[in-house]
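Below is one structure, written out as structure tokens, with a few remarks after it.
The values are calculated or read from the model by the stated rules, or taken from the named source; none is laboratory data. Bear in mind that the values here come from a model prediction, so they are computed numbers and not experimental data. In this analysis, Cβ positions are derived from the backbone assuming ideal geometry, glycine residues included, and neighbour counts consider all displayed protein chains. Surface accessibility is based on the protein's heavy atoms, side chains included, excluding ligands, DNA and RNA. Shrake-Rupley method; radii C 1.70, N 1.55, O 1.52, S 1.80 Å.
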Amino acid sequence: MIDQLADRHPAQGSYDPLDLHLDRLRVPGARADSVSTPARRERQAWSSGLQIPVLLIAGIALGRHGLAILNESTLSLIDPVIPVALAALGVLAAFEAAATPWVRGRLIAAVSIQALTAAAVVAAGTLAFVLLTGDVAYASPSILAIALGVCASSSSALATGDAAARSSVTRLVDLDALVAIVAGGLVIVAMREQNLLPALSITAQIVGIAVTVAITGWLLLTRTVSDTEQRVFGAATLLLLGGVADYLSLSALVAGVAAGAFWHAVGGAPGESLRRDLAHVQHPLVALVLLAGGARTEFTPGIVALAVAYVLLRGVGKLAGSLAAGLVDPALSRGVAPRLLSPGILAVAFALNALRAGGPDMTAVLSVAVLGTIGSQLLAGVRPPEDGV
């Protein structure tokens, strides 16, 4: 079955290497013109984007505050898979960004300013909220504020499957995912290291380890002769990537991005094999991350209040960031702000990574990220796009 799907979706340009944000579900054999118009793609993004809050709510309902099907014992069984899923999502993020012809100095600066502005607004607002309310449930208000700022910085994209046809807005969100992942990796290291230089050194080490693993996997894949062997070695490489990052309590997302960037750079059959196989499993991985994040969500009056504040602050931050990005790169339209409201899954993915690395102290980060993602996605889908969009 996988071979048949691979035949229908060859490696070059006919399928999305990344659909991290569940912006659309592709039906094999569907007519190409059925998704060709911008208005139709917008409507599909609006409707399929609702799958993110649905899966998060399903995770909450199945968790210990609901039906208790995904209780602690059940979650402990799937916990070892989470770092592997995060590493795979990092690889997919690198493939997506690398496949997009966005390399322009102004766009890179605009992306950085947009993401950092949103992060700064949310971090400052969160810190003020925690200090003013005096909620003692947060072990470190500064780490909580910075972590939620990272969660707020990324947006979801409307992938088109044709990298050359992507708009500047889509390229903007392709890149701000990488900004969020790299910043999140530094935050995870900063939870243990208080100084900047040691944090940068440790981050460089995990990048080096990830590239070493990627080189090993690439060498193995170049010597395979069958699709089955390629899948086995590819899965083993991802297991090693996620396992090493989890063992060192570092960012599996950063490890995945580093490995994905290497595989894209060297190209060839191994990279295309990994790209194809990951494209087939991306939706189950996304569902796993969202369900696990929802099941681990905690509810307290402080967390719920902070989640409401997070949604409002993120909306303001994305508006301010889009305006700043438009000043830096005039190619970005003034209507970019509504397109940046949809949060995608990276906030929940980073929060899960932070919870595994930082322990129970990061439960508040995950809970606010889950509830904030639900609220932000619903806010982004208040009104479906019109046909004239």
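Mind ordering 123-129, 357-363, 142-148 by average Cβ neighbours within 10 Å, highest first? List each step's numbers first, then the result.
Values: 123-129: 19.9, 357-363: 17.4, 142-148: 23.3.
For the peptides 123-129, 357-363, 142-148, the packing ranking is 142-148, 123-129, 357-363.
Taking the simple approach of a point 7 Å from Cα along Cα-to-Cβ for both Tyr247 and Thr212, what is their distance in nm?
With each label placed 7 Å out from Cα toward Cβ, I get 1.1 nm.
Just to verify a number: FRET efficiency for Arg106 and Leu50, C-beta to C-beta distance, R0 = 25 Å, to 0.05?
Numbers: r = 33 Å, r/R0 = 1.34.
About 0.15, to the nearest 0.05.
At 7 Å along the Cα-to-beta-carbon direction for both Ala68 and Ser142, put a label point, then send me their distance in nm to one decimal.
Output for this residue pair reads 4.1 nm.
Using a Förster distance of 45 Å, how high is the FRET efficiency between Val308 and Ala235, based on the Cβ-Cβ distance and rounded to 0.05? All intermediate terms of the calculation are to be shown ahead of the outcome.
On the way: r = 41 Å, r/R0 = 0.90.
Computed FRET efficiency for Val308 and Ala235 comes out at 0.65.
Arranged from highest to lowest average of other beta-carbon atoms within 10 Å per residue, in what order do the peptides 293-303, 276-286 appear?
The most tightly packed comes first, giving 293-303, 276-286.
What is the gain in length, in nm to one decimal, between Arg223 and Val316 on full extension, counting 0.36 nm per residue of separation less the C-alpha to C-alpha distance?
28.3 nm
Considering only the other residues whose Cβ falls under 12 Å of the Cβ of Pro83, what net charge follows from Lys and Arg at +1 and Asp and Glu at -1?
Numbers: positive: Arg356; negative: Asp79, Asp246.
Surrounding charge for Pro83 is -1.
Based on Cβ point charges of +1 for Lys and Arg and -1 for Asp and Glu, what charge dipole magnitude is obtained for the range 203-310 about its Cα centre, in debye rounded to the nearest 20? Show your work: numbers first, answer last.
Working: 5 positive and 6 negative charges, 14 e Å.
Using only the charged Cβ atoms, the result is roughly 60 debye.
Where does the charge balance sit around Ala351 when Lys and Arg score +1, Asp and Glu -1, over other residues with C-beta under 13 Å from its C-beta?
Numbers: positive: Arg296, Arg356; negative: Glu298, Asp361.
Summing Lys and Arg as +1 and Asp and Glu as -1 gives 0.
Sort the range 186-343 into rounded, prolate or oblate with this rule: let a ≥ b ≥ c be the square roots of the eigenvalues of the Cα gyration tensor; rounded if a/c is under 1.5, and if a/c is not under 1.5, prolate when a/b is larger than b/c, oblate otherwise.
Working: a/c = 1.75, a/b = 1.57, b/c = 1.12.
The shape class here is prolate.
At 0.36 nm per residue, and after removing the present C-alpha to C-alpha distance, how many nm does the segment from Leu200 to Ala61 gain when stretched out fully?
Values: separation 139, 0.36 × 139 = 50.04 nm, distance 3.92 nm.
So the chain would gain 46.1 nm between Leu200 and Ala61.
Taking a probe of 1.4 Å, how large is the accessible area per residue of the range 218-286, in Å²? Can you show the working numbers first?
Details: 2900 Å² over 69 residues.
In whole numbers, the range 218-286 has 42 Å² accessible per residue.
Could you compute the FRET efficiency for Thr300 and Ala265, with r as their C-beta to C-beta distance and R0 at 30 Å, rounded to 0.05? List each step's numbers first, then the result.
Details: r = 46 Å, r/R0 = 1.52.
Here the calculated transfer efficiency is 0.05.
Quick one: net charge of Arg296's neighbours, Cβ under 11 Å, K/R +1, D/E -1?
Values: positive: Arg64, Arg356; negative: Glu72, Asp79, Glu298.
Its environment carries a net charge of -1.
Output the peptides 236-247, 57-68 sorted from most to least packed, where packing is the average of other Cβ atoms within 10 Å over each peptide's residues. List each step's numbers first, then the result.
Details: 236-247: 21.1, 57-68: 17.1.
Put in order of decreasing packing, that is 236-247, 57-68.
For a test of the definition: using alpha carbon positions, the gyration tensor, and the 1.5 limit on a/c, classify the range 266-320 as rounded, prolate or oblate.
Numbers: a/c = 5.25, a/b = 1.99, b/c = 2.64.
Since a/c reaches 1.5 but b/c is at least a/b, the shape of the range 266-320 is classed as oblate.
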